[in-house]
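Notes to accompany the following structure.
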Amino acid sequence: MSKLSNNFAIPLKIALPYFIIGIASYALFFGMLGYELFFDLYNEKIFASIHTFGVGFLLFFFFGASLQLFPVILNVPHKFEKIFYLVFLFLLIGFCSLIIGFWYFDHWLKIGAFFIITAFIIYLIENFLTILQVKKHTFYTVAIGIANLYLMIGFIIGLFMIFGLLGKQTIDLSYLLPLHISFILGYMLIMIGTISITLIPMFALSHNFSQTYTKIAIVFIYIMPLLVIFKQSQLLQIDIVVAFFLLFTQAFIMYKKRVRKEKDVYFYSIIFAYIGLLVSSICVIFSYYESAILVLLLWFMGFIITGHIYKIIPFLAWFEYYSPLVGKQKVPLLNQMVSKDDSRKQLIFSFFGVIILYIGFYLDEKYIMSFGSMLCLIGAFYLIKAFYLIFKKDYLC
């Protein structure tokens, strides 16, 4: 894999709005979830909070990260980088319309679906045109192409589900919902596997390790939606557990091989994330599928993303604002760009919040879940503060 550089990276001002909406949605999700649980609106408004996390947090972050990291992984520049301003605008309008539709007015769902699918089409066309520039394809360039295809299929299925909820057509929700989830999760897991194999070794200074476990895991993730299509539940169970175990094993090997022994917030975030992946695997083994999805999203993906925020954003901001000033004036080091106090508080509140939230979910105690959500919300506020301080120059210098 290529080392990260800024040779092909797009300007930070293009990607930054995606990260801002992603982090804001992370806080909004826990606030909405806590409110819905406390006032017993969980069943009525749950789709709004789910899509706040799935679209607002996860998707905006994946889009923002991919804008910067795709050129690094593919070793080619984006074909039309300025088109991502339009993608952001359409995605934001679509996201807001979707939440309004799920929360208040059903007819807003159609507006949200239109803008989101338009944003997806533009995003995917640009990605595929960028991939076509690659002269020598690798396992990971193919993986990125398949991930984007899964994203599109997952959204099209979601579109049919929205029309079904609006009464426009008859749908089998019990079949389409798992299919929708499997394609979207397939996209996210492929992206995490592909990006992590670049970022974790770079930030942990890991060298001389095999990437075989990640590659095999990604192949198993390819198969996941196909098993859902053909309703092979037992094979799906095995497939998920093997894929998760392989991703966990790869992370363990990378950290055993690391040179940097510093145990910072990033280190603990990644450790917590992969413990969550292991817990999700155990839930799948015992057929607790709803628990497995909850742990996978809030625990694994939540911590792996927030942990990388403390590395990716300072790294990109440093190259954008400070690398031209090296040798001319005093510039901060990367580790000085993150508030240690705020990041630690975020980690602590978020970790205990997720644990308590999961315990409440397992016991079916909504007030315990609501308390866990509020702890996570406090953690999200510290994340926002730490993110803000990265760009506050008088704080840095």
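Throughout, read-outs are computed from the coordinates displayed, never taken from laboratory work. The structure displayed is predicted, hence computed values, not measured ones. Using ideal geometry, Cβ is built from the backbone for each residue, glycine included, and neighbour counts are taken over all protein chains shown.
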On the Cα set of segment 271-397, report Rg and Dmax in Å, please. 17.9, 60
Between Asp106 and Leu205, with labels modelled 7 Å along Cα→Cβ, what's the label distance in nm to one decimal, could you check? 6.0 nm
Output the direction-averaged projected area (hull surface divided by four) of the convex hull of the alpha-carbon atoms of segment 1-136, in nm². 8.8 nm²
Once each part is reduced to its C-alpha centroid, what is the distance from segment 26-102 to segment 213-228 in angstrom? 24 Å
Largest-first ellipsoid semi-axes for segment 83-154, taking √(5λ) over the Cα gyration tensor eigenvalues, angstrom: 30, 12, 7
Please list 369-379, 355-365 highest first by mean number of surrounding beta-carbon atoms within 10 Å per residue. 369-379, 355-365
Any DSSP H helix in the chain with Cα axial reach of 18 Å or more and mean Kyte-Doolittle score of at least 1.0? Listed by number, the hits are 12-38, 60-74, 83-103, 108-131, 139-165, 173-204, 212-229, 233-256, 265-285, 302-317, 366-390
Per DSSP helix of 4 or more residues, -39500 (n - 2.57); summed, then divided by the residues of the chain. What does that give at 222 nm, rounded to the nearest 500? -25500 deg cm²/dmol
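Which pairs, out of Lys13/Lys392; Lys330/Lys385; Lys330/Lys392; Lys13/Lys328; Lys45/Lys231; Lys328/Lys392, put more than 18 Å between their alpha-carbon atoms?
Beyond 18 Å between Cα atoms: Lys330/Lys385; Lys13/Lys328; Lys45/Lys231; Lys328/Lys392.
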How many nm is it between the label spots at Lys385 and Lys136, if each spot is 7 Å from the Cα in line with the beta carbon? 4.9 nm
Taking θ = phi - 60°, what integer Hz values does the Karplus form 6.51 cos²θ - 1.76 cosθ + 1.60 yield along segment 288-295, in sequence order, with x for Gly and Pro? 8, 5, 5, 5, 4, 5, 4, 5
Between Asp172 and Phe160, what is 0.36 nm times their sequence separation minus the Cα-Cα distance? Round to one decimal in nm. 3.3 nm
Per principal axis, descending, Cα span of the chain in whole Å: 65, 47, 40
Interchain or sequence-distant (5+) residues whose placed amide H lies within less than 5 Å of the amide H of Ser206 are Val259
What distance in nm separates the simple spin-label points at Leu89 and Tyr289, each placed 7 Å from Cα in the Cβ direction? 4.1 nm
